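**Student:** Pasting a structure below so you can have a look.
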Amino acid sequence: MAEYLNHPLLKKDIIERRKYQENIIATCSNKNSLVVLPTGIGKTIIALGIVAHRLNKHKDTKALIMAPTKPLVEQHLKSFRDLMNTEIIDTDLFEILTGKVAPDKRGDIYKKSKVIFATPQVIENDIIKGTLNLKDISIIVFDEAHRISGDYAYTFIAKKYSEQAKDPLILGLTASPGGTKEKIGTICGNLYCENVEIRNEDDWDVKPYVKNTKVEWIKIEFPEELKKISNLLKSAKSRKIKFLLSLNVIKNNELSKRELLELSGKLRAMLAKRRDPILFKAISDAAACIKLNHAIELVQTQGLPQLEAYFLKLKKEKTKASQTLLSDNDVSQASILTSYLASKGTKHPKIKKIIEIAKKRATGDKKVIIFAHYINTVDIITEELEKSTDLKPVSFIGQKKGNTQKKQKETLDLFRKGKYNVLIATSVAEEGLDIPKVDTVIFYEPIPSEIRTIQRRGRTGREKEGEVYILMTKGTIDEAYYWSTRNKERKMKQIMDSMRLNFNSTGTEIKRKKAQPQKSLENFDKKAITIHIDHREQKLIKKMSDIEEITIVSKSLDVGDIIISDKVGIERKEAGDFLQSIIDQRLFRQMTELKSTFEKPIVILEGKNLYGIRNIHPNAIRGALASIICDFSIPIIHTRDLEDTAEMITALARREQKDRKDIQIRGTKRSKSIGEIQEYIVSGFPDINSRLSRRILEKFRTIKKFVNCKEKRLEEIEGIGREKAKKIKEIVDADYE
């Protein structure tokens, strides 16, 4: 007889009772936890059980469930509404929040709702703006928790939650946390984990619920005509690598795209120090190698139409680097041969194999998902499958080419209902989408990511046994990706097994963070410095919100990025943005506005290797820097990184606000009342802040009376002494030069 999971807030006799789920729910209900489970065996049910426990225990609190995408958020909302007991909890108070909901409406939604389902960017923005305080949320669920690293919103939200909540509980869910101890440690640290629950397909309590998935790697012969194109491209690349080796700037023949980009930066930095013509050629060759690597990958793993489209793109670029590359004899021959073979209809043999597998597997009510890395490959596969009367294919890509989220949802609904039986998708279908009845998954190519491989594989074998086919072209980069992924997966499994043995007993495997206690009113009163930061500066806002003495006001600023006083406005430029602003000619317009708006404008230039990250002549960069300093009289402060920038802004604000002056936001273009405009005009006089401008207007009532008054009457106002009064009158009476 079937047994069911029972709880007052859950519907009776609906959720099948599984021992491993009950054990995990019991363990994670009172400890910050990371739960690692294979795809398709009930992470949502675990979240549901823990949320029910917390809302029942802390009746006046709320729950927040987050997921990276809107479709996944909507999926969670549906699951919770379907499975929670509406006689006890009002599911009408379950609300969904994504970027589609207007910011001015979200405040009321937070107040009224009981369970909030949201994308993390929305939550992050509302915490920063003060629309949302997390104090009354008794649990946050971080779905796809492997994303919690770096600048991703999950990291910021977990930190703020640990500081603000009265009784916080964090639950992280993932099927694939990553292949290194550092990566997994980062997830656990950022989630303030006290507990890790790990299950895999071989565990005794999970095994009965795991459907067998057969994985088959299919090796595809690389045709001679495609191999000839590949060899021509390799020959061109080999000459360029040989030249780079002769300069001693690289040590081996095989360089990844990341290594080539790093090399380009290194060469540009060398060029900034010495104007050696050889360095120009080295930079050009490094850039050509990146393009050739991509071209080689396309012919080896994708097909001729994809490579032909790439050659056409290079021709349209009309840059010197692209034209030099295309004029190379081997590259030119490769391009001609590609066009000739493509015109004859020559296809990569993977296409034939895809059609063969799809015809065998997409029969009756069975469904197939085909994953491909590139959109144009998805289009080509779809076109080829449409020629078969046995198949009903549909493409599924991200929000490009007018493909809205609404259209994505419609496509998935039609796929579920059987109007389509083959879904050809990019990576957008890898993570979290509810496509339960898929019998077969086909990889058009291996991918060098163990997380994405696990997610792709997990699209099948959910309700019944599934099959996975991974196509791999022999002797190509496909094989390198195959071995890379296998090694990463094996390593991840070893790390997870080690964590299970050591996390709870010794705590030595993972570097964990302690949750921060809720700050008292006294703590907040100590925030003596107020800094206005443009709402688009999200990274800086997050970094500076950690500084105890700072109050951040996030708003739209028309001029500058940071305002720290009536006089001081700062334009923050990361090195890449600074160079781009030279190219698109924004820089000098921004400097003009900054100079005309603030008495003490400042530019903060953040980052290293200014001369090495873009192909811009060093003299152009030096000229721009010289113009800012000499023509605009604006000082430039160099900082190492974001943290250094935050500390510098704090130091400037601390010094500028030592007398606690009110900050007047100047340079904004919003519609103002007459009184605000009057205050704005008066505060433009030297040493007149917003508070003093109000005193002046309260005494004289009009600007006319203020500028026409005698010097002695000015001295009567608190805050204006003899020297300041004299300076004001000098400005009023002076001829314009």
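The values are calculated or read from the model by the stated rules, or taken from the named source; none is laboratory data. Note that the structure is a prediction, hence the values are computed from the model and not measured. In this analysis, Cβ positions are derived from the backbone assuming ideal geometry, glycine residues included, and neighbour counts consider all displayed protein chains.
**Student:** Take residues that are surrounded by fewer than 19 Cβ atoms within 10 Å (Cβ to Cβ) and not assigned by TED's automatic domain parsing to the domain that holds LEU692 and tell me which of the strands (runs of 3 or more DSSP E) falling wholly in the range 550-665 contain 3 or more.
**Tutor:** Filter on the range 550-665 gives 550-555, 636-639.
**Student:** For the range 328-386, what are the residues that are of a type in the set (Phe, Trp, Tyr) and closer than 29 Å to SER284 by Cα?
**Tutor:** Scanning the range 328-386 gives TYR340, TYR374.
**Student:** Another question, if that's okay. What number of residues in the range 600-630 are in contact (Cβ under 8 Å) with a residue 40 or more places away in the chain and either farther than 29 Å from ASP276 by Cβ or in contact with a His (Cβ under 6 Å, 6 or more places away or on another chain) (or both)?
**Tutor:** 3
**Student:** For the range 255-277, does any single residue satisfy the condition of being of a type in the set (S, T, N, Q), closer than 22 Å to THR338 by Cα and assigned to a helix (DSSP H, G or I)? Break it down into steps so the answer makes sense when it comes.
**Tutor:** Filtering the range 255-277 for residues of a type in the set (S, T, N, Q) gives 256, 264.
With closer than 22 Å to THR338 by Cα added as a condition, the list becomes none.
No.
**Student:** Name the pairs whose Cβ atoms lie under 9 Å apart, with the first residue in the range 683-712 and within 20 Å of THR597 (Cα to Cα), the second surrounded by 16 or more Cβ atoms within 10 Å (Cβ to Cβ) and acidic (Asp, Glu), and 6 or more positions between them or separate chains?
**Tutor:** Within 9 Å, the pairs are SER683/ASP566; ILE688/ASP566; ASN689/ASP566; SER690/ASP566; SER690/GLU679; SER693/GLU679; ARG694/GLU679.
**Student:** I'd like the full set of residues that are crowded, with 23+ Cβ neighbours inside 10 Å, hydroxyl-bearing (Ser, Thr, Tyr) and not in a loop (DSSP other than H, G, I, E, B), limited to the range 454-479.
**Tutor:** Listed by number, the list holds a single entry, THR473.
**Student:** If GLN75 meets every condition in (1) touching a residue at least 60 places away in the same chain (Cβ under 8 Å); (2) outside any helix (DSSP H, G or I) apart from one, which number is that one?
**Tutor:** Only one criterion in (1) touching a residue at least 60 places away in the same chain (Cβ under 8 Å); (2) outside any helix (DSSP H, G or I) is unmet by GLN75, namely (2).
**Student:** Being under 30 Å from SER427 (Cβ atoms) and either assigned to a loop (DSSP other than H, G, I, E, B) or not small (Gly, Ala, Ser) (or both) narrows it down to one of THR324, THR301, so name that one.
**Tutor:** Going through THR324, THR301 in turn, just one is under 30 Å from SER427 (Cβ atoms) and either assigned to a loop (DSSP other than H, G, I, E, B) or not small (Gly, Ala, Ser) (or both): THR301.
**Student:** A further question follows. Of the conditions (1) of a type outside the set (S, T, N, Q); (2) assigned to a loop (DSSP other than H, G, I, E, B); (3) within 18 Å of ILE89 (Cα to Cα); (4) in contact with a Phe, Trp or Tyr (Cβ under 8 Å, 6 or more places away or on another chain), VAL51 fails just one. Which one is it?
**Tutor:** Here VAL51 clears every test but (2).
**Student:** Among the residues of the range 556-588, write down those that are over 26 Å from the mean Cα position of the chain (by Cα) and modelled with pLDDT under 85.
**Tutor:** ASP566, GLN585 - these are the residues of the range 556-588 that are over 26 Å from the mean Cα position of the chain (by Cα) and modelled with pLDDT under 85.
**Student:** Give me a count of the residues in the range 85-124 that are of a type in the set (A, V, I, L, M), closer than 18 Å to THR61 by Cα and part of a helix (DSSP H, G or I).
**Tutor:** 3
**Student:** Among ASP82, ASP151, which is the only one that is closer than 30 Å to ARG457 by Cβ and in a helix (DSSP H, G or I)?
**Tutor:** ASP82
**Student:** Can I ask one more? Got a sec? Which of ILE46, ILE41, ILE24, ILE14 is in contact with a strand residue (DSSP E or B) (Cβ under 9 Å, 6 or more places away or on another chain), of a type outside the set (Asp, Glu) and farther than 21 Å from ARG81 by Cβ?
**Tutor:** The conditions single out ILE24.
**Student:** Residue under question is LYS129, and the condition is that it be touching a helix residue (DSSP H, G or I) at 6+ places or on another chain (Cβ under 8 Å) and either surrounded by 14 or more Cβ atoms within 10 Å (Cβ to Cβ) or outside the structural domain of ALA63 (by TED's automatic domain parsing) (or both); does it hold? Explain how you work it out, then say what you get.
**Tutor:** On the way: touching a helix residue (DSSP H, G or I) at 6+ places or on another chain (Cβ under 8 Å): yes; either surrounded by 14 or more Cβ atoms within 10 Å (Cβ to Cβ) or outside the structural domain of ALA63 (by TED's automatic domain parsing) (or both): yes.
Taking the combined requirement at face value, the residue satisfies it.
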